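Take a look at the structure below.
Bear in mind that the values in this text are calculations on the coordinates, not laboratory data. Here the structure is a predicted model, which means the values were calculated and not measured. With ideal geometry, Cβ positions are generated from the backbone for all residues, glycine too; neighbour counts draw on all protein chains shown.
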Amino acid sequence: MLLLVTAVASGTSLAEDLNAGDPFVTDTADIIDGLLREPPSPALPSGVRARAIAHPEALNSVNLRVRFDTGSARLKPESIGLLDSLCEALIDPRLRDHAVLVAGHTDDTGSDAFNLALSLRRAESVRDYAVKVRGLDPARFVVHGFGERSPLNANASSIQREVNRRVETALLP
């Protein structure tokens, strides 16, 4: 079982960050810090939320607000800077020996089957960028699509649906 840990901005609750639509990391330092933090104890610190998804070996994860065209796995240009930050983090000496899980997620708009396939294609797009554009080793990456099965919130508004459309990265030993 994978314990995913989502860090939120200091001084705010998870609910406030989700309502603001911003439980995401944005730069290389935040990505490294998020992936290297100590695994959570049963009593989680303020500002950290844990939830379980299926991957038996994963360590910490971070959420990335990677943008795609609607119903597409084509990366939007505004995501390139974030993906470059991810790649810079992954070549950091503290992370470069780890494999990386890239997990795609969608909101609940559309059928389960469509969302599952779309989330996998989106995770593959992130991996492909890291491999083909930035030259990272493809053997480091495990991709998985979760579709709408692992939302950060209830999909009750357009902002909440936007938050649920994301890519998570997690370190593997």
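For D33 and A113, the difference between the fully extended length at 0.36 nm per residue and the C-alpha to C-alpha distance is 25.4 nm.
Charge tally for G147 (other residues, Cβ to Cβ under 15 Å; Lys, Arg +1; Asp, Glu -1): 0. Summary of the geometry: region 73-117 and region 141-173, compared by the centres of their Cα atoms, lie 10 Å apart. Here the extension length gained between R94 and S157 equals 18.8 nm, from 0.36 nm per residue of separation less the Cα-Cα distance. When peptides 161-168, 71-78, 112-119 are sorted by average Cβ neighbour count within 10 Å, with the highest value leading, the order is 161-168, 112-119, 71-78.
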